[in-house]
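**Student:** Please see the structure below; I have some questions.
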Ligand SMILES: [Fe+2]
Ligand SMILES: [Fe+2]
């Protein structure tokens, strides 16, 4: 798997930084050994300082033309499914991260998670700006926009975020010292939602736009979002590896939540209009089997590094 950001316009330092995000999914070595170097919480913080970007710098004028003149109404509807999942997903994760941050056990972990809350807020604004500048939705305010776009989601999305994730973060708000709930929350948030769903969706959405030559400012911003997500997943990987090394029982917590979440996550990967049990069914030139294979390989590499395989 190639790092999508390691292309053309970036400087050598930026490319090296991207490779250095320490997300095990970007390391081929992780197929063979669990003993790969991960960045520490402090190093991940320093990387965050070097990887800042601004939503206000993106110029969406070409994207506006593409969306309204080059992309057909039917394709716009299909694209809205993927984009809406991201827009709403970013807003939900930004809000659920507070209890996880407060429950984390060390100052270095909490400081990194504070940077992640800022990132998730920026991701929400990035989508809001894209939707507004390109004219995807009519609504004025951010909450009205989120309301309008939520009609494009499937019910498994709600189960994953509003039931499974919220149950853990509510628990952590009441009992921040419940480390098993913390391990479950980080597995669900960093490994399943960000690692499997977000990074898989991003990979295919960016690939499709680059192939078609559409939405250049969106792609530029989304590459920055993906770079941030790899850094977040790198945090989740080092955090879970530390926990498993600290106490074997956390392995069971990780396995338990994965068993519960993976079937739901798998359903989230396919749009509501996809036929059931047809892995060859394609959307934008990729089959559901391609999507599942990509998500599965990334997850396996990360789990191996954490110490689960
Ligand atoms: Fe995000
Ligand atoms: Fe994230």
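All of the numbers you see were taken from the coordinates with simple rules; none came from a lab. Please read all numbers here as calculations on a predicted model, not as lab measurements. With ideal geometry, Cβ positions are generated from the backbone for all residues, glycine too; neighbour counts draw on all protein chains shown.
**Student:** Over all directions, what mean area does the Cα convex hull of region 39-306 project, stated in square nanometres?
**Tutor:** Averaging across all directions leaves 13.7 nm² for the Cα convex hull.
**Student:** Give the calculated FRET efficiency between residue 144 and residue 77 to the nearest 0.05, with a Förster radius of 22 Å applied to their Cβ-Cβ distance. Display every interim value, and only then the final one.
**Tutor:** Details: r = 20 Å, r/R0 = 0.90.
For residue 144 and residue 77, the calculated efficiency is 0.65.
**Student:** Mind checking the full-extension length gain between residue 70 and residue 259? Use 0.36 nm per residue of separation minus the Cα-Cα distance, one decimal, nm.
**Tutor:** 63.8 nm
**Student:** Please rank 62, 32, fewest neighbouring Cβ atoms within 10 Å first, as an exposure proxy. Could you put the intermediate results ahead of the total?
**Tutor:** Values: 62 16, 32 10.
Ranked by crowding around the Cβ, least crowded first: 32, 62.
**Student:** Dividing the alpha-carbon Rg of region 30-105 by 2.2 N^0.38 Å yields what?
**Tutor:** 1.68
**Student:** Assign one of three labels to region 190-267, namely rounded, prolate or oblate, based on the Cα gyration tensor with a ≥ b ≥ c the square roots of its eigenvalues; rounded applies when a/c is under 1.5, prolate when it is not and a/b is larger than b/c, and oblate otherwise.
**Tutor:** In terms of gyration-tensor shape, oblate.
**Student:** Among 104, 217, 289, whose mean-square fluctuation peaks in a Gaussian network model of the chain (Cα, cutoff 10 Å)?
**Tutor:** So, out of 104, 217, 289, the one fluctuating most is 289.
**Student:** Calculate log10 I(q)/I(0) of region 154-209 for q = 0.21 Å⁻¹, where I(q) comes from the Debye formula with a single equal point scatterer on each Cα and nothing for solvent.
**Tutor:** Ignoring solvent entirely, the Cα scatterers give -0.79.
**Student:** Right, another one. Given R₀ = 35 Å, FRET efficiency for residue 35-residue 207 by Cβ-Cβ distance, to 0.05?
**Tutor:** Working: r = 31 Å, r/R0 = 0.89.
Efficiency at R0 = 35 Å is approximately 0.65.
**Student:** Could I ask something else about it? Round to the nearest 0.05 the FRET efficiency obtained for residue 173 and residue 276 when R0 = 45 Å and r is the Cβ-Cβ distance.
**Tutor:** In this case the efficiency is close to 0.75.
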